[in-house]
Protein chains: 2
Amino acid sequence: MNFPKRSVTCGELRIENVGLEVVLNGWVATVRDMGGLIFIDLRDRYGITQLVVHPEMQPDLAERVKELKQEYVVWAKGKVRERENPNPKIPTGLIEVHLEDFGIINRSELPPFEISDRVDISEETRLRYRYLDLRRQSVQRRFLIRNKIYQIIHQYFQELDFVEIETSYLTKSTPEGARDFLVPSRIHKGKFYALPQSPQLYKQILMISGFDRYVQIVKCFRDEDLRSDRQPEFTQIDLEMSFVDKDDVIEVTEGLLARLWKEVLGIDIKTPFARLSYDEAIRRFGSDKPDLRYDLEIVTLTDLFKGSNFKIFEDTIAIGGVIAGINAKGCANYSRKQIDEISEIAKKFKGKGIVWIKRQNDQIVSPLAKFIPERILEKVKEFVKLEDGDLLILVSDYKEICYNVLGVIREEIALRNGFLQNVENEFSFVWIVDFPLLEYSEEEKRFVARHHPFTAAMDEDLELINSEPEKVRAKAYDIVVNGNELGGGSIRNYTIEQQKRMFQLLNLSESEVEEKFGFLLEALRYGAPPHGGIAIGLDRLVMLLTGTNNIRDVIAFPKTTSGLSLMDNCPSEVTDEQLKELGIKIEKNE
Amino acid sequence: MNFPKRSVTCGELRIENVGLEVVLNGWVATVRDMGGLIFIDLRDRYGITQLVVHPEMQPDLAERVKELKQEYVVWAKGKVRERENPNPKIPTGLIEVHLEDFGIINRSELPPFEISDRVDISEETRLRYRYLDLRRQSVQRRFLIRNKIYQIIHQYFQELDFVEIETSYLTKSTPEGARDFLVPSRIHKGKFYALPQSPQLYKQILMISGFDRYVQIVKCFRDEDLRSDRQPEFTQIDLEMSFVDKDDVIEVTEGLLARLWKEVLGIDIKTPFARLSYDEAIRRFGSDKPDLRYDLEIVTLTDLFKGSNFKIFEDTIAIGGVIAGINAKGCANYSRKQIDEISEIAKKFKGKGIVWIKRQNDQIVSPLAKFIPERILEKVKEFVKLEDGDLLILVSDYKEICYNVLGVIREEIALRNGFLQNVENEFSFVWIVDFPLLEYSEEEKRFVARHHPFTAAMDEDLELINSEPEKVRAKAYDIVVNGNELGGGSIRNYTIEQQKRMFQLLNLSESEVEEKFGFLLEALRYGAPPHGGIAIGLDRLVMLLTGTNNIRDVIAFPKTTSGLSLMDNCPSEVTDEQLKELGIKIEKNE
């Protein structure tokens, strides 16, 4: 080693170290020549230490210091002193190091942007020069928190006797839902491995093997067209437990989240969390991932409007549709333009637009007033507690569309009225339970699994499974935080009969089932225990705990929305030799 | 849940629980009908609990118990009692549970093999029915130890302020050495990601980003023709540190290994470990991963044989070769056949065979005796301390061949003479240091990096770098345990000049360097800190700590040597639709 090694980091000196001779290694953050004094801020992961040179007393050193530029890597030797002008904002702000000697360990060209949180840099530049972006304190901080989160997770599951087991990354392609990333096999030409979308089947196999409690922090892969909050590879906390029901998995998950919020943010979150059935979540919030930090609940008014003789409503009622609304408190002063914009949102989500009733100066004002009897409007007013200054936004449509549209309008009003600003540091946790087991795919003309085909039906709905399968609910649960789905899981089919019945409901052929899931069915023959689990999105968790909405902020080397890594420029071309060995050819564009 | 949930596991009841009413959930391991009593062993991950039925007093229960078969999953309710015939071999052996009621939770067909450590099963069958194989106690135990190892690693690096960071799995293909697994990009047709052979460049980038200390337990991938101890995907403990030299990385690694051996095996291993230079390891043990649990050192005798007039030796000396030998203690009674077998080994490793000198009944016996003056043989005898009953095996050849052949013979003699049986539970740790930086590839007609191109040269050898590059040693270090390379690392090039010079030594063209490693060179422009690290083979570590020589014993879902997963039958064919989306075609065999 051809430089003096640090005796302390740049983050650890305190007032009680005054008088100590130290050696520091770090990056030059700033050099400020104040004439009588020169200050150098030396930075590393642990903090910043101020070095001082007195040009009058140290003319040679002062001359040499002129060579230093931002991001130079240096060693510095000196004595710790109390600062004359302390900086209470940083932990090392009470001291400085009186520089006695230093050396340049490595030089730096002028970086393409200043290494500082004060500058605004395009995301493209940040990703291109990720190594410099990651030097910025605000960016680095998120990865230090992410590290803390890993450690809390490891510790928590160890205490609960979970076994950490690594499953494979080169697995079988069983696309059911999302698209697989494929890996051509060289030894078995023409065949492929798939990168796992989740270790679902393997963790179930581990339960059948008797491991009882499994956990893994694991990368998963989905070759989807990326949205801004998605990445082709993402991390989940994957767990599975035997001899359990829904409440056990929920309890373990709540314990983890409570500990994370406490240890990372110092926030006590109350457990058990509220639970909402899927139906109730849809009816009250128009979403299966409702943000419960604010009210703005949806109110169903179909019955009240019966006999209104208003054609649009009567038609909706005739087809079994729904009339429902949101009382936008204090929004009676919305302009025509604002109301039109909300109406446009409704149309964007397949609705026909909105109607409204407002109460202003104690008068009911509404385009409906000339069609609908006053006694009905009065009843509605009472029912939704329409107070002076309130605006009731109504949607009348097929049930799914009506609630979905109102769910979107609910978020829009919260946004417009700044409801989210008031609750920015609040967290609302809710379990959504009792999901439908199946949903009908118009595209495939068959039922598909709403979660995945391994989810068990609720015992009390089993009698409906042949007659009205769409009404069967699943032993599934999603954890929702502030309107984000943080994770989801279920109790699984553990008898071969259950699992086969599910495949039949999905109309999968026997040969298809055998080819894709044969090994699971076979494993179920030999005494599988009842089991269930959950997968929690780790990237999303870190986003919540570091307060960012950008998933690329919490991944060290993320891809762009088109799947590119701008730093190392991948994916990239490979040699013909490589392709030949794999027995594949690139299809030329026609 | 349609069965009574366990109040205790099958592993936790003790004598102090006598009298307790309990519910157990588990697998039926055995049912033994002794006439007067029926014993059922109920098994889960935590242990085995004996259930007892008294047919005379419980005729109905005894009748129902007849339905139970091996591997049935049951719940059982009863009261804890002291056993009349305790089994001191298992922790629950002092108690039993007087069965009061039970139910079958799931049935099992007759497994293809008994779930027991007493049966011998072909590896193919074990891998085919991996879910059943993993139920066996000896197999499960290894994964419980593997879990413990993870937890110790997490804890250790947390204490040392390392930051756990996940690097990407979809990375750039930069094959330099082993073959990459490729992942076709659907969005960028004709381009490919590669699965990482190691996160080498990314961890160096993290140092340049200032994370100071990085650790990750990470999967790595190599598409090599598999040997029996290799897997296409394997796990390593990957770490990197800034502002360090070799000693720092070695100290951190030794601390980890000492803690693992202590906490897993209860063994105190002595640190610091011995260090051997590469040259010395070759000269004394004929290997850069010597097993030091036994002596059998190689002795170089070239000088002693000078002037022997024995043509073979004289020729060797003339070409600058080496004459060296091993004193096989107590092997003077080796038969002609045994000696011939050892000579064959020498030939298999490019040697010309062996000659020997033995001391029997205080006589020197050797085919050399008629060629070589007695005074020389006497000197040799003294030098190698040839005692009565010893056999000196000699090899004369080019230096590399001579030591390599003797290294193999050394292992063979240790094996034949049972030296390893005596030291089976011993562990010998040694660092091999001062490796050559480069080695000449006859195939490519150029120097290649012995470790990888990012390894720094030793400062004291820098002056040789242009004149005699083959003599330059690297700041590289391998940790070797009982003859296995457990891990390896180095101090890296951290200035752009160092790194460019290395690429020049390797005769890589500027465009090739730019295409593959451009981002690293660019990152080095902006103030990279001195840094170094190591990667430790986790699978190998678990093998050592669980006492197995089979890597498939420590991986939950391993591949065969031809890269197949026998349980789920992958790799497998994919649909034309999938290939079309990826823009690739399978090359037909001509």
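With n ≥ 4 as the cut-off for DSSP H runs, can you work out [θ] at 222 nm for the protein assembly as shown, using -39500 (n - 2.57) per run divided by the number of residues, rounded to the nearest 500? Walk me through the numbers before you get to the answer.
On the way: 32 runs with 332 residues, N = 1180.
Mean residue ellipticity, 222 nm, calculated: -8500 deg cm²/dmol.
Give me the number: length gained by fully extending residue A:344 to residue A:562, i.e. 0.36 nm times residue separation minus the C-alpha to C-alpha distance, one decimal in nm. Can you show the working numbers first?
Values: separation 218, 0.36 × 218 = 78.48 nm, distance 2.96 nm.
Result: 75.5 nm gained on full extension.
Between B:398, B:332, B:298, whose Cα lies farthest towards the positive end of the dipole of the range B:294-423 when Lys and Arg beta carbons carry +1 and Asp and Glu beta carbons carry -1, centred on the Cα centre?
The Cα lying farthest towards the positive end belongs to B:398.
Is the shape of the range A:61-204 best called rounded, prolate or oblate, per the rule: a/c under 1.5 gives rounded, else a/b larger than b/c gives prolate, else oblate, with a ≥ b ≥ c the square roots of the Cα gyration tensor eigenvalues? Intermediate results must be reported in sequence, preceding the final value.
Numbers: a/c = 3.09, a/b = 2.05, b/c = 1.51.
Prolate, since a/c reaches 1.5 and a/b exceeds b/c.
Charges only on Cβ, +1 for Lys and Arg, -1 for Asp and Glu: so what's the dipole of chain A about the Cα centre, in debye to the nearest 20? Display every interim value, and only then the final one.
On the way: 81 positive and 97 negative charges, 165 e Å.
The dipole magnitude comes to about 800 debye.
Starting from a Cα-only point model with no solvent, please compute log10 I(q)/I(0) by Debye for the range A:15-106 at q = 0.11, 0.15 1/Å.
With no solvent term, the Cα-only Debye profile gives -0.26, -0.50.
So, with +1 on the Cβ of K and R and -1 on the Cβ of D and E, and no other charges, what is the size of the charge dipole of the protein assembly as shown about its Cα centre, to the nearest 20 debye?
Details: 162 positive and 194 negative charges, 70 e Å.
The dipole of the protein assembly as shown has a size of about 340 debye.
Describe numerically, in nm with one decimal, the distance between label points set 7 Å from Cα along Cα→Cβ at residue B:426 and at residue A:101.
4.7 nm
Give me the accessible area of residue B:108, 1.4 Å probe, in Å² rounded to the nearest 10.
Surface open to solvent at residue B:108 totals about 10 Å².
What is the angle, in °, between the Cα long axis of helix B:374-383 and the longest principal axis of the Cα atoms in chain B? Nearest 10 is fine, range 0 to 90.
The angle comes out near 40 degrees.
Amide H to amide H, which residues 5 or more places from residue A:328 or on other chains are under 5 Å from it, using H placed in the peptide plane?
Counting only residues 5 or more places away or on other chains, the set is A:391, A:392, A:393.
Distances in nm, one decimal, shortest first, from residue B:550 to the same residue in every other copy, taking the label point 7 angstrom along Cα→Cβ.
Distances between equivalent label points, in nm: 5.1.
Using a/c under 1.5 as the rounded threshold, could you call the protein assembly as shown rounded, prolate or oblate? The axes a ≥ b ≥ c are square roots of the C-alpha gyration tensor eigenvalues, and prolate needs a/b larger than b/c, oblate otherwise. Don't skip to the answer; put the middle values down first.
Values: a/c = 2.09, a/b = 1.37, b/c = 1.53.
Oblate.
So what is the relative contact order of the range B:1-84, in percent, for Cα pairs below 8 Å that sit 6 or more residues apart?
Details: 157 pairs, mean separation 30.4, N = 84.
Relative contact order here is 36 percent.
Could you derive backbone 3J(HN,Hα) for the range A:286-300 from the dihedral phi with the Karplus parameters 6.51, -1.76 and 1.60 (θ = phi - 60°), listing whole Hz in sequence and x where the residue is Gly or Pro?
x, 7, 8, 9, x, 8, 9, 6, 9, 7, 6, 6, 7, 10, 8
Charges only on Cβ, +1 for Lys and Arg, -1 for Asp and Glu: so what's the dipole of the range B:332-490 about the Cα centre, in debye to the nearest 20?
On the way: 22 positive and 29 negative charges, 146 e Å.
That gives a dipole near 700 debye.
Please sort B:362-372, A:20-30, B:577-587 by packing, taking for each peptide the average over its residues of neighbouring beta carbons within 10 angstrom, highest first. Kindly include the intermediate steps, with their values, before the conclusion.
Values: B:362-372: 13.8, A:20-30: 20.8, B:577-587: 17.1.
So the order, starting with the most tightly packed, is A:20-30, B:577-587, B:362-372.
Along the charge dipole of the range B:15-106, Cβ charges K/R +1 and D/E -1, which of B:102, B:36, B:49 sits furthest on the positive end?
My answer, from the dipole projection, is B:49.
Would you calculate the separation in nanometres between label points at residue A:67 and residue A:360, each defined as 7 Å from the Cα along the Cα-to-beta-carbon direction?
7.5 nm
Efficiency by 1/(1 + (r/R0)^6): what FRET value for residue A:311 and residue A:374, r their Cβ-Cβ distance, R0 = 22 Å, to the nearest 0.05? Show your work: numbers first, answer last.
Numbers: r = 18 Å, r/R0 = 0.83.
That gives a FRET efficiency of 0.75.
List the pairs from A:262/B:262; A:306/A:358; A:329/A:381; B:306/B:381; A:262/B:148; A:350/A:471 whose alpha-carbon separation is above 22 Å, in the order I gave them. Walk me through the numbers on the way to the answer.
Values: A:262/B:262 33 Å; A:306/A:358 20 Å; A:329/A:381 13 Å; B:306/B:381 15 Å; A:262/B:148 26 Å; A:350/A:471 24 Å.
Table pairs above 22 Å Cα-Cα are A:262/B:262; A:262/B:148; A:350/A:471.
When you look at the Cβ of every residue in A:142-148, what mean number of other chain Cβ atoms sits within 10 Å? Display every interim value, and only then the final one.
Details: counts 0, 8, 3, 0, 4, 10, 3.
Shielding by partners across A:142-148 averages 4.
Could you tell me which of the pairs A:219/B:559; A:500/B:559; A:189/B:588; A:69/A:559 are separated by over 21 angstrom between their Cα atoms in the structure shown? Display every interim value, and only then the final one.
Numbers: A:219/B:559 19 Å; A:500/B:559 28 Å; A:189/B:588 9 Å; A:69/A:559 32 Å.
The pairs that break the limit, which is 21 Å between Cα atoms, are A:500/B:559; A:69/A:559.
Taking residue A:172 as the anchor, which aspartates and glutamates have their alpha carbon closer than 12 Å to its alpha carbon, excluding any fewer than eight residues away along the same chain?
A:180, A:515, B:568, B:573
Kindly write out, for the range A:484-494 in residue order, the coupling ³J(HN,Hα) from the Karplus curve 6.51 cos²θ - 1.76 cosθ + 1.60 (θ = phi - 60°), rounded to whole Hz, with x marking Gly and Pro.
Karplus-based 3J(HN,Hα) across the range A:484-494 equals 10, 7, 8, x, x, x, 6, 7, 9, 5, 10 Hz.
Mind checking the mean number of beta-carbon atoms from other chains within 10 Å of the Cβ atoms in B:239-246? Each step should come with its number before you reach the end.
Details: counts 0, 0, 0, 6, 12, 4, 4, 1.
Going residue by residue through B:239-246 and averaging, the value is 3.
Can you give the FRET efficiency for residue A:485 and residue B:114, using 1/(1 + (r/R0)^6), R0 = 45 Å, r = Cβ-Cβ distance, to the nearest 0.05?
Approximately 0.50, to the nearest 0.05.
Which whole-Hz couplings ³J(HN,Hα) result when phi for each residue of the range B:109-114 is put into the Karplus expression 6.51 cos²θ - 1.76 cosθ + 1.60, θ = phi - 60°, listed in order with x for Gly and Pro?
Couplings: 6, 5, x, x, 8, 5 Hz.
For a quick protection proxy, order the peptides A:537-544, B:466-473 by their average other-Cβ count within 10 Å, most packed first. Mind showing how you got there, number by number?
Numbers: A:537-544: 22.6, B:466-473: 13.8.
Order by mean packing, descending: A:537-544, B:466-473.
For residue A:203, go through the aspartates and glutamates and keep the ones whose alpha-carbon is under 13 Å away, minus same-chain ones fewer than eight residues off.
Those aspartates and glutamates meeting the cut-off are A:164, A:166, A:212, A:238, A:240.
Obtain the nm distance between the two label points defined at residue B:277 and residue B:14 by a simple spin-label model: each point lies 7 Å from its Cα along the Cα-to-C-beta direction.
Roughly 5.6 nm, to one decimal.
Taking amide hydrogens as modeled 1.01 Å from N in the peptide plane, which residues meet the under 5 Å criterion relative to residue A:450, leaving out close sequence neighbours?
Those qualifying (amide H under 5 Å, at least 5 residues apart or on another chain) are A:438, A:439.
When ranked by the protection proxy of mean other Cβ atoms within 10 Å per residue, highest first, what sequence do the peptides A:494-501, A:421-428 form? Please report the intermediate quantities before stating the final value.
Values: A:494-501: 17.1, A:421-428: 12.1.
Per-residue Cβ counts within 10 Å, averaged per peptide and sorted highest first, yield A:494-501, A:421-428.
I'd like the orientation of helix B:496-505 relative to chain B: the angle between its Cα long axis and the longest Cα principal axis, in ° from 0 to 90, rounded to 10.
70 degrees
Roughly speaking, what is the stretch gain from residue B:189 to residue B:443, that is 0.36 nm per residue apart minus the C-alpha to C-alpha distance, in nm to one decimal?
Gain on stretching residue B:189 to residue B:443: 88.1 nm.
When the Cα atoms of the range B:339-471 are enclosed in a convex hull and the volume is divided per residue, what value in Å³ results?
On the way: hull volume 26.7 nm³, N = 133.
Here the figure is 201 Å³ per residue.
Once both axes come from the Cα atoms, what is the angle between helix B:399-416 and the longest principal axis of chain B, in degrees from 0 to 90, rounded to 10?
Here the helix axis deviates by roughly 40 degrees.
Pairs of Cα atoms under 8 Å, at least six residues apart: use those to get the relative contact order of the range A:294-423, whole percent. Show your work: numbers first, answer last.
Values: 209 pairs, mean separation 47.1, N = 130.
Relative CO of the range A:294-423 lands at 36 percent.
Would you mind checking which residues have amide H under 5 Å from residue A:101's amide H? H placed 1.01 Å from N; only 5 or more apart, or other chain.
A:77
Let me confirm one metric for peptide A:546-559, namely the mean number of other chain beta-carbon atoms within 10 Å of its residues' beta-carbons. Provide the component values of the computation, followed by the final result.
On the way: counts 0, 0, 0, 0, 0, 0, 0, 0, 0, 4, 12, 10, 1, 4.
For peptide A:546-559, the averaged partner shielding equals 2.
Once the Cβ-Cβ distance between residue B:501 and residue B:122 is put in as r, and R0 is 56 Å, what FRET efficiency do you end up with, to the nearest 0.05?
E between residue B:501 and residue B:122, to the nearest 0.05, is 0.55.
For chain A, just say rounded, prolate or oblate: build the C-alpha gyration tensor, square-root its eigenvalues into a ≥ b ≥ c, call rounded for a/c under 1.5, and beyond that prolate if a/b exceeds b/c, oblate if not. Walk me through the numbers before you get to the answer.
On the way: a/c = 2.25, a/b = 1.43, b/c = 1.57.
Verdict is oblate for chain A.
Among the aspartates and glutamates, select those whose C-alpha is under 20 Å from the C-alpha of residue A:337, and discard any that sit fewer than 8 residues away in the same chain.
A:390, A:411, A:412
Using Cα-Cα distances under 8 Å and only pairs 6 or more residues apart, what relative contact order does chain A have, in percent?
Relative contact order here is 13 percent.
Tell me which of A:508, B:10, A:197 sits at the most positive position along the dipole axis of the protein assembly as shown, charges placed on C-beta atoms (Lys, Arg +1; Asp, Glu -1).
Towards the positive end, the residue furthest out is A:508.
The values are calculated or read from the model by the stated rules, or taken from the named source; none is laboratory data. In this text, all values refer to a predicted model and were calculated from it rather than measured experimentally. Backbone-built Cβ (ideal geometry, glycine too); neighbour counts: all protein chains shown. Note: accessible area is taken over every heavy atom of the protein model, side chains too, but ligands, DNA and RNA are not part of it. Shrake-Rupley method; radii C 1.70, N 1.55, O 1.52, S 1.80 Å.
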